[in-house]
Amino acid sequence: MTAAAALEPLRFGPVRVYLGAKSGKYPDGNQVIVQGTDTRVAFDTPLVAQHIGTDLQDADLIVLGHVHEDHMVALGRLSHVPVQVHHADLAAAQSWDGLGRHYGYAPAVLAQVRELIERDFSYQPRPDATGYADGALWDLGGGVRVRAHHLPGHTAGHCALVEESSGVAFIGDIDLTGFGPYYGDATSDLTQFQHSLQRVKDLDAQVWVTSHHRGALTDRAAFLQALAQFSAKIDERSERLLGWLRERPHTLDEMAQRRLLYPPGADLPFVDSAERRSIGLHLAQLQQAGAVRARGDGAYEAVA
């Protein structure tokens, strides 16, 4: 999709959805704007925000569903617009130090990541950002209401944002992509993500808008099918890990080098860190289930 094409939004009552390139495929994303009689709210600001004019520029508030570099692109340009984010992600929005702790990468990797996101995502922190809690409600006027539903796992503060009068749910990085769930950062949690994947089904919605790639789904059966395929990636990854360990014992470094999430040759600076974090979360679950044990030499092996 070209930038020009992205300027014509999908419309669902008071909700406008500007699709990014390839329906918001990373590194782009999808921009949601909700218009009440009194207040205009934007959800996140992905790369496509660079091609949206006054509809975004004149927003009264930006509500972040969670904090990552690809959701913060226009926060510097829109410094006149207040920003709110769930309390658990707030420090990551307010400062680079907070975002660095959020990622949890080694200092050398963080230095590379900061250079990358300042260049490619126009990253600027927002020290003035304020926090909201699960269940927060924004009354935009004219019966238009937005409610936050805390669905952690991707990040500690990840939320779905639902416009209640139209039943449009912005489900963020429960993004239903072929890549599958991402839980590779310090504040990610695999078990919480699995719970959130169950809870997202219970949102009172007729339209489900993802941050990336899928765009807007308007059929519940299609949404549930896409969600099931997305969720299945977690079990597929656990089975792959078990397959490796049935071949022979592996250290965490060896498993990270084999790549559970990313294809061989992926060279983004955070890939090794994300692999180690994600594999570690799977190993913890597999150990708790009695399927894997740690050996004294630092390797892991499958339990026969």
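The values are calculated or read from the model by the stated rules, or taken from the named source; none is laboratory data. Remember, predicted model here, so these are calculated numbers, not experimental data. Cβ placement follows ideal geometry from the backbone for every residue including glycine, while neighbour counts extend to all protein chains displayed.
Here are some notes:
- Residues that are in a loop (DSSP other than H, G, I, E, B) and surrounded by fewer than 21 Cβ atoms within 10 Å (Cβ to Cβ) were ranked within the stretch 137-163; the one that is nearest to the chain's Cα centre (by Cα) is Gly143.
- Against the test of being touching a helix residue (DSSP H, G or I) at 6+ places or on another chain (Cβ under 7 Å), farther than 18 Å from Leu161 by Cα and small (Gly, Ala, Ser), the options Ala111, Ala74 yield a single qualifying residue, Ala74.
- Test result for Ala169, buried (at least 19 other Cβ atoms within 10 Å of the Cβ), out of contact with any Asp or Glu (no Cβ under 9 Å at 6 or more places or on another chain) and part of a strand (DSSP E or B): no
- Residue among Gly20, Gly13, Gly36 that is crowded, with 21+ Cβ neighbours inside 10 Å and farther than 21 Å from Ser79 by Cβ: Gly20
- Leu197 being aliphatic (A, V, I, L, M), in contact with a Ser or Thr (Cβ under 8 Å, 6 or more places away or on another chain) and over 17 Å from His68 (Cα atoms): yes
- Pairs with Cβ under 9 Å, 6+ apart, first in the stretch 165-184 and within 20 Å of Leu203 (Cα to Cα) and modelled with pLDDT of 95 or more, second surrounded by fewer than 24 Cβ atoms within 10 Å (Cβ to Cβ) and of a type in the set (S, T, N, Q): Ser166/Gln206; Gly167/Gln206; Val168/Gln206; Ala169/Gln206; Ile174/Ser196; Leu176/Gln229; Pro181/Gln194; Pro181/Ser231
- Those strands (runs of 3 or more DSSP E) lying entirely in the stretch 59-136 with at least 3 residues surrounded by 17 or more Cβ atoms within 10 Å (Cβ to Cβ), hydrophobic (A, V, I, L, M, F, W, C) and assigned by TED's automatic domain parsing to the domain that holds Thr39: 61-64
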